[in-house]
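The values are calculated or read from the model by the stated rules, or taken from the named source; none is laboratory data. Quantities reported herein were computed from a predicted structural model and do not represent experimental measurements. Note: ideal-geometry Cβ built from the backbone for every residue, glycine included; neighbour counts use all protein chains shown. Surface accessibility is based on the protein's heavy atoms, side chains included, excluding ligands, DNA and RNA. Shrake-Rupley method; radii C 1.70, N 1.55, O 1.52, S 1.80 Å.
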Amino acid sequence: MSEAKKVVLLGATGSIGESALRVLRAHPHRLQLVGISAHSDAQGLFAIAEEFGVKDLCLSEKVSEVPPAPGNATLRRGPRGLEELAALHEADITLVAVVGSAGLLPTLAAIQGGNDVILANKEALVVGGKFVMEAAREAGVRILPADSEHNAVFQCLQGVPEHDVDRIILTASGGPFREFSLEQMASVTSEEALAHPNWSMGPKITVDSATMANKGLELIEAHWLFGLPAERLDVVIHPPSLVHSLVRLVDGCVLAQLTPPSMTFALQHALLYPDRASGVDKSLDFSEPLDLSFAPPDLQRFPCLRLAREAMQTEGIAPTVFNAANEIAVDAFLRNRIGFLDIPAIIEATLNDTQHRDPKNIEEILSADSEARRLAMEKLRD
Ligand code: NDP
Ligand code: MG
């Protein structure tokens, strides 16, 4: 067998981090963890470092009091430290599993450092997709999707020529409020939004799933990963989360990828690609009846999905602004400062107040991101 792939895992203490560690534990001869980051959870980071014998660490939040790193490990600090770790020379592949647009710069750093990238973080592509994809092409590195829908599409597309693809159809569970009226949604609490029926995930993406902003972000992510225009990207509601997405070909045949709802399948696929090995979770059991129902989404009850699609069609900085306003609004909702339906209202108002333009470089993306955050913060106070 060839040498183990050397992996840097950014966001090791999160929900994706935890699933990725389960895959790494199961395949010690194929995968070796060489770098890990957390934002502020020093204890969690050091425990992982000890278990896997990792020597390159980073705490991306500059907290003042940190206990000493275990053994002779190097502890980097702050966002710059995270970029350095992302580009770790010794690594073959960098798995970006931090949350939010904080994923953008380390993703670019990993690419520029010549590491292949596995993206769980979708915000990097939503915010700066054009520049991330360009950088990857220039550096000749591979971007593999770990988001379950995009990983499913990637798998379905193996061996399919580009001109044979008609549409990509992303599946969505519909979240905990799939059948709620707008009146009911007006009074839901953050606890209710955090109780996802199928997936156990970090708080931000769980709220994004409840508003369906997550599926909107994923449409934009799919646009950059697979190069299809907005009108050839669809969303379908599939409550059991067994079919992770669909690809319809020009002849009408539809390809799908199915697993139970666990992120280890997509993560293992991306980590071992192009090889395969036994999975860490049980596959589907066809001796039991399986529900494979599909229904169209309701854009009226889920305005975040409509707003994301509009931002995707507007292009330029609109997706960056959508994402920034969403991050601010979700954070405020999680702190019980605003209601659930204020999330789309803040996104829409921020998009309306933005002077739309085409960003020429990553600096213009970063300034659009901060301007949108400032605008969205003002709306919180309105
Ligand atoms: P979590 O909130 O569970 O974990 C986030 C991780 O990133 C933690 O390690 C956290 O460190 C770190 N982190 C938090 N803020 C920052 C920051 N500003 N800069 C750098 N690192 C930071 O998130 P998830 O694992 O759920 O999600 C991670 C990404 O993967 C998101 O982009 C999400 O959309 C995507 N994704 C997640 C799925 C899931 O099933 N969870 C499915 C598909 C995609 P600390 O612990 O110290 O706070
Ligand atoms: Mg997803």
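In the stretch 316-367, the residue that is nearest to GLU183 (Cα to Cα) out of those that are of a type in the set (Asp, Glu) and assigned to a loop (DSSP other than H, G, I, E, B) is ASP353. Taking each residue of the stretch 296-311 that is part of a helix (DSSP H, G or I) and looking for partners that are loosely packed, with under 15 Cβ neighbours inside 10 Å and of a type in the set (A, V, I, L, M, F, W, C) with beta-carbon atoms closer than 9 Å, six or more apart or interchain, yields LEU305/LEU299; ARG306/LEU299; ARG309/LEU299.
Any idea which of SER101, SER15, SER40, SER64 is within 16 Å of ligand 2 (Cβ to nearest atom) and of a type outside the set (Val, Ile, Thr)?
Working: SER101 fails: within 16 Å of ligand 2 (Cβ to nearest atom); SER40 fails: within 16 Å of ligand 2 (Cβ to nearest atom); SER64 fails: within 16 Å of ligand 2 (Cβ to nearest atom).
Result: SER15 is the single residue among SER101, SER15, SER40, SER64 that is within 16 Å of ligand 2 (Cβ to nearest atom) and of a type outside the set (Val, Ile, Thr).
Being open to solvent by less than 40 Å² (accessible area, probe 1.4 Å), away from ligand 2 (no atom under 15 Å from the Cβ) and over 30 Å from LEU21 (Cβ atoms) is a condition met by no residue of the stretch 251-263. For the stretch 129-157, taking the residues that are over 13 Å from the mean Cα position of the chain (by Cα) and open to solvent by less than 10 Å² (accessible area, probe 1.4 Å), the one that is farthest from ligand 2 (Cβ to nearest atom) is identified as ALA136.
A single entry from ASN323, ASN336 fulfils the requirement of being touching a residue at least 24 places away in the same chain (Cβ under 8 Å) and under 22 Å from the mean Cα position of the chain (by Cα): ASN323. Cβ-Cβ contacts under 6 Å between residues 6 or more apart (or on different chains), taken from a first residue in the stretch 41-65 that is farther than 13 Å from THR13 by Cα to a second residue that is open to solvent by 50 Å² or more (accessible area, probe 1.4 Å), are listed as ASP56/THR74; GLU61/HIS39; GLU61/SER40; LYS62/ARG77; VAL63/SER40.
If you filter the stretch 188-221 down to residues that are open to solvent by 60 Å² or more (accessible area, probe 1.4 Å) and under 21 Å from ALA325 (Cα atoms), you find that the one that is farthest from ligand 1 (Cβ to nearest atom) is LEU194.
Listed here are the residues, each with its yes/no results for (1) within 13 Å of ligand 1 (Cβ to nearest atom); (2) under 23 Å from ALA102 (Cβ atoms); (3) surrounded by fewer than 18 Cβ atoms within 10 Å (Cβ to Cβ).
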{"position": "GLY14", "(1), (2), (3)": "yes, yes, no"}
{"position": "ALA26", "(1), (2), (3)": "no, no, yes"}
{"position": "ARG30", "(1), (2), (3)": "no, no, no"}
{"position": "GLY44", "(1), (2), (3)": "yes, yes, yes"}
{"position": "GLU50", "(1), (2), (3)": "no, no, yes"}
{"position": "VAL63", "(1), (2), (3)": "yes, yes, yes"}
{"position": "ASN72", "(1), (2), (3)": "no, no, yes"}
{"position": "GLU83", "(1), (2), (3)": "yes, yes, no"}
{"position": "ALA86", "(1), (2), (3)": "yes, yes, no"}
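So, in the stretch 165-187, how many residues would count as being more than 28 Å from GLY17 (Cβ to Cβ) and open to solvent by less than 30 Å² (accessible area, probe 1.4 Å)? Total meeting the criteria: 3.
For the stretch 346-360, the set of residues classified as open to solvent by 50 Å² or more (accessible area, probe 1.4 Å) and either of a type in the set (Lys, Arg) or farther than 12 Å from ILE317 by Cβ (or both) consists of GLU348, ASN352, ASP353, ARG357, LYS360, listed by residue number.
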